[in-house]
Amino acid sequence: MCGIVGYFNFDNEPVNPLLLARMVDLQRHRGPDDQGMRLFSLARGQSMEFRERDPVSSLNFEGALGFNRLSILDLSERGHQPMCNDDQSVFLAFNGEIYNAFDYRAELEAVNYRFRSRTDTEIILRLYEHFGLEGTLDRLNGMFALVIVDLRSREVHLVRDQFGIKPLYWARQGKTLFFGSEPKSFQLHPGFVTRLDESNLDEYFSFRYCAADRFLIQSVRQLRPGHCLTFSASGNERIRQYYAIPDSPTHAKISWQQALDELKQHLRQSVQSQLISDVNVGCQLSGGIDSSLVTYFASRQLTNTMDGFSIIFRDADLSEEKWILQAAIAANVNSHRFYLEEADCFSALEIATWHLDQPINHPNSLGIYHLAKRSRPFVTVMLSGEGADELFGGYARFSYANMRPVIRRWLPLLARLPKFGEKFSRNFGAEFSDSTEFFIGASMFQRPADLLQLRPGADVTAVLAQRRSLFEEGHGDYLSNCMKYEMQTYLVDLLVRQDKMTMAHSIENRVPYLDRDLVAFVRNLPPDLLVGNKLTLRGQQTRNTKVILKDLARTIFDDKFVYRPKSGFTLPLLSYYQDKRFATLMQDRILPGIRKRGVVQADIVDRWWTNAKNLPRSIDEKLWISIAFELWAQRFLDAPRAQAPRPQ
C-alpha cells in the first residue's frame, strides 16, 4: 500500500523536481518506509531517478513521477519504486497488492526474465514487458492503482483496479496533467487552481458522495474502476474500460448445496491469498457476519493466533460488543476493542477531512480513522468485510426492489393503512415513476423533497438522469442491475473512505469479498440465492438479504447472530452535537461559513442545529452533511493549505 503522485507538462516546460518532492512528502503517511522520484521525457524517450540532493538547474524533463512505499512484501531496498525494467525503457509506480502475482513468476522465468526482488511490483513490470498492457490487466487479481511510463511507445498509462479498492485521481488544467492517490497534492503546484465544481453539489447533497468520475473540485476526476487513462506527449488522452462487472444475463443452474460449497471454497481461497505479507496481518471485526466470516477463515489459515480489531461504544444500544466477542471466540482471535469517545471524534474532525480529500460524508469514517490509529501498533495489514453487502444484496432496498413488482399494484391501498401506510410508500417508492428510478431513489440519502428544502434550486431531474445512465450500464436482470449499480456507486465511495482512513495511519486494508474470481462466481448465481422476495414479520426482513452468505454463516454461528437486524456502524451524533467544543465550532465557524457560502439554506441548518435535541435521527445525519461539507470547504477551498492540521 503506497502513495503515487506526478504531473506532466504538454508544452515541454521542465518539471520542478523540488516541487515534486514536496508533493510526494505530502503523502508520506501512505508510505513511510521508502520514497522515490523519477523524471522523464516522452519526447526524448529518457528518464532519470532524482534525489533531493541532486542539482536541478540543468534538468530538462517534462514529466515527473513520485512514490511513497509502505513495505509489505520484500521489505528490502529491492522493492524501491518507481521500478524500472533492465534497460529503463519502462518503469512503474504501483499502489496495492496483486494476490495472484506469484502464479506467473515461473512462467516468466521460463522465458528468461530474471527477478531482482520478491515483490509483486516486479512481476507486474515483467508481465507488462511480455504481454503488454491488455495482457497484464487480464491477469491481475488484486487491488491496484498503477502508473506505467513506457518510453518505447512514448505513453503513460494510469490504471485503477476492477472495483475501485485503490483510489486514483487526475486533473487537466491548461497544459499540465496531474495524477495521484490524493488530489490534495495537486494544490501544491502553483499552476493548479482550486475551485468548487458547483455542477456536482446536487448529487453530493442527494447521495452524500459523487459517483463515476465526478468530484467536488473543478477539473479533478476520479479514474473509474476498471478503467485506464493513456496520454502521450502530443497532448492526446483517452480513457477506456478494460473490465466490466459481469452481468450474467443467464444464471447458472446450481443446487443450493453446490452453491454453498463453492462459495465457501471461493471465500476461503480469497482470504488465504490475501494473507500474503512480510508484516503482521489482522482483521477489522465489526461483529457483523461479513467481517466475522473473513476473520474466521483468516484465523484458520494461520499458525499463530490472529488479532481482531473493533470499535465499541459506551452506549449499549449502539455497541456491537456482544456480537464481536461471539465472533472472536468462534474465530479464536485476540480481540482488541477500542472505545470511540466524543473527544476522539471531535479531535479527528479536521485531520480526517484533510486525509479524505472530500467531506466526511459518513460520520462513521471517524470510527475507521480511530480504529486504524489504535490498531497500527499491532499490525500493518488488515482484512475487512467491505463489498459483501453490494455483491450479495445485503441492503433492505434490494429486497424491496425484488418485491416491488408485486407490491406496487397494492400500494395505493396499502398507503392508506394507519401507522404503516407511510412506511409502505417510502420503502416501495410510491413517488418514483419506474423501477430504475425507484432503486436510484432508494439509494439516495435525501429524497427530492428534502433536498429542495435544503437547496431550493436543486436540479433533481438532472441528478436522477446522471444516476440512471450508470444504472443502465447493467445488462442483466433487474436485481442484477441493482447490485451492479450499487457496486459502481456506493461501494466505490465506501472503499475510498476505507483506504483514506486506514492509510492515514499507514495501514493497508484488504477486502477479500472483492476477489475477481469470487465476484464472477457470485454474479452468476440465481437471484433467489442472493435476495428473497417474501413478506416477513417485523424484524425478519433480514432473511431476505444475503441469503446464501447467511446460510454459510449459519454453519459457523447461531441464527441469533446471523439473522439479527442490520445495525450498520452508527455514531451517537446527538451526544456529539452537545459537546461544548462542538457547539463552539458550530457557532464560531460552521454556521457563519454556511451563511457566507450560500450552498445550502443557512436558516434550515441553523434551525436543525438549534433544535437538535428534539430532531429525529434522520435529521441528525442531514445536519451532519452540511457540517461536513463546510469543514471541507474551509480547508480545501477558502485557503488551501497543504500541510495536515494538528488533531485538536
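If we sort 356-364, 466-474 on the protection proxy, mean other Cβ atoms within 10 Å, highest first, what's the order?
Output ranking for 356-364, 466-474: 356-364, 466-474.
Rg over Rh of region 430-558, using C-alpha atoms and the Kirkwood radius, what does it come to?
Across region 430-558, the Cα-based Rg/Rh ratio is 1.01.
What FRET efficiency comes out for Glu262 versus Asp74 if R0 is 25 angstrom and r is the Cβ-Cβ distance? Round to the nearest 0.05.
Result of the calculation: an efficiency of 0.15.
Which one, Phe205, Phe378, Ser480, projects farthest toward the positive side of the charge dipole computed for the chain from Cβ point charges (K/R +1, D/E -1)?
Phe205
In the chain, with Lys and Arg counted as +1 and Asp and Glu as -1 at Cβ, which of these residues, His336, Asn100, His157, has the Cα nearest the positive end of the dipole, that is, farthest along it?
His336
What order do you get for 172-185, 367-380 when each peptide is scored by the mean count of other beta carbon atoms within 10 Å, highest first?
172-185, 367-380
Pairs Lys500/Lys534; Lys253/Lys566; Lys264/Lys566; Lys264/Lys322; Lys264/Lys500; Lys373/Lys550: which exceed 27 Å Cα-Cα?
Where the Cα-Cα span goes over 27 Å, the pairs concerned are Lys500/Lys534; Lys253/Lys566; Lys264/Lys500; Lys373/Lys550.
Dipole of the chain, Cα-centred, from +1 at each Lys and Arg C-beta and -1 at each Asp and Glu C-beta, to the nearest 20 debye?
That gives a dipole near 1480 debye.
So, with +1 on the Cβ of K and R and -1 on the Cβ of D and E, and no other charges, what is the size of the charge dipole of region 505-619 about its Cα centre, to the nearest 20 debye?
The calculation lands at about 340 debye.
Between Arg376 and Ala583, what is 0.36 nm times their sequence separation minus the Cα-Cα distance? Round to one decimal in nm.
Full extension of this stretch gives 71.4 nm more.
At 222 nm, what helix-only mean residue ellipticity would the chain give, in deg cm²/dmol to the nearest 500, using -39500 (n - 2.57) for each DSSP H run of four or more?
-11500 deg cm²/dmol
Taking the Cα centroid of region 530-599 and of region 1-59, what is the distance between the two, rounded to the nearest whole Å?
43
In whole percent, how big is the carbon plus sulfur part of the accessible area of the chain, probe 1.4 Å, protein atoms only?
Of all accessible area on the chain, carbon and sulfur atoms account for 48 percent.
If I take R0 = 30 Å and measure r between the Cβ atoms of Asp434 and Gln241 in this structure, what FRET efficiency does the formula 1/(1 + (r/R0)^6) give, to the nearest 0.05?
In this case the efficiency is close to 0.70.
May I ask you to order 105-112, 436-443 by the average number of other C-beta atoms within 10 Å around their residues, highest value first?
For the peptides 105-112, 436-443, the packing ranking is 436-443, 105-112.
Give the residue from Ile440, His355, Ile72 lying farthest towards the positive end of the charge dipole for the chain; charges sit on Cβ (+1 for Lys and Arg, -1 for Asp and Glu) and the dipole is referred to the Cα centre.
Ile440
With both bridge residues required to lie in the chain, what share of the DSSP beta bridges run antiparallel, to the nearest 5%?
The antiparallel proportion sits near 80 percent.
Please work out the average accessible area per residue across the chain, using the 1.4 Å probe convention, and give it in Å².
38
Using Stokes-Einstein with the Kirkwood hydrodynamic radius over Cα pairs, what translational diffusion coefficient do you get for region 552-618 at 4 °C and a viscosity of 1.567 mPa s, in µm²/s rounded to a whole number?
It comes out at roughly 86 µm²/s.
Quick one: angle between helix 289-301 and the longest Cα principal axis of the chain, in degrees between 0 and 90, rounded to 10, please.
Roughly 50 degrees between the two axes.
Can you run phi through the Karplus equation (6.51, -1.76, 1.60; θ = phi - 60°) for region 360-368 and list ³J(HN,Hα) in whole Hz, with x for Gly and Pro?
Going residue by residue, I get 6, 5, 10, x, 5, 4, 5, x, 5 Hz, with x marking Gly and Pro.
Rounded, prolate or oblate, given the Cα gyration tensor of region 473-514, with a/c below 1.5 counting as rounded?
Prolate, because a/c is 1.5 or more and a/b exceeds b/c.
Could you list the square roots of 5 times each eigenvalue of the Cα gyration tensor of region 1-140, that is, the equivalent ellipsoid semi-axes, sorted largest first and rounded to whole Å?
27, 18, 13
Before anything else, pin down the relative contact order of region 1-147: Cα pairs under 8 Å, at least 6 apart, normalised by residue count, whole percent.
Rounded, it is 25 percent for region 1-147.
What is the chain's relative contact order, in percent, from Cα pairs under 8 angstrom and six or more apart in sequence?
Normalised by residue count, the contact order of the chain is 15 percent.
Compute the projected area of the convex hull of the Cα atoms of region 135-206, averaged over all viewing directions, and report it in nm² to one decimal place.
Convex hull of Cα atoms, orientation-averaged projection: 7.1 nm².
Could you list log10 I(q)/I(0) for region 211-300 at q = 0.11, 0.12, 0.13, 0.14 Å⁻¹, which the Debye formula gives when each Cα is one point scatterer?
Cα-only, vacuum Debye calculation for region 211-300: -0.65, -0.74, -0.83, -0.90.
If you average the C-alpha positions of region 447-480 and of region 251-275 separately, how far apart do those two centres end up, in angstrom?
34
Suppose accessible area is computed on protein heavy atoms with a 1.4 Å probe; arrange Asp517, Asp477, Asp528 from highest to lowest.
Putting Asp517, Asp477, Asp528 in descending order of accessible area: Asp528, Asp517, Asp477.
Taking 0.36 nm per residue of separation and subtracting the Cα-Cα distance, what length does fully extending Arg22 through Phe115 add?
Contour length minus Cα-Cα distance gives 30.3 nm.
Can you compute the charge dipole magnitude of region 1-125 about its Cα centre, using +1 on each Lys and Arg Cβ and -1 on each Asp and Glu Cβ, nothing else charged? Give it in debye, rounded to the nearest 20.
That gives a dipole near 240 debye.
Please list, in order along region 516-530, the HN-Hα scalar couplings obtained from phi with the Karplus expression 6.51 cos²θ - 1.76 cosθ + 1.60 (θ = phi - 60°), rounded to whole Hz, x for Gly and Pro.
Karplus-based 3J(HN,Hα) across region 516-530 equals 4, 6, 5, 4, 4, 5, 5, 5, 9, 7, x, x, 6, 7, 10 Hz.
Can you compute the FRET efficiency between Lys253 and Tyr478 using 1/(1 + (r/R0)^6), with r the Cβ-Cβ distance and R0 = 25 Å? Round to the nearest 0.05.
Efficiency for this residue pair is about 0.80.
In units of 2.2 N^0.38 Å, what is the alpha-carbon radius of gyration of region 281-410?
This ratio for region 281-410 stands at 1.23.
For His130, His157, give me the order by solvent-accessible area with a 1.4 Å probe, most accessible first, ignoring ligands, DNA and RNA.
Sorted descending by solvent-accessible area, the residues read His130, His157.
The values are calculated or read from the model by the stated rules, or taken from the named source; none is laboratory data. None of the values given here were measured: they were computed from a predicted structure. Cβ sites come from the backbone with ideal geometry, for glycine too, and all protein chains shown count toward neighbours. SASA here: full protein model, heavy atoms, side chains in, ligands and nucleic acids out. Shrake-Rupley method; radii C 1.70, N 1.55, O 1.52, S 1.80 Å.
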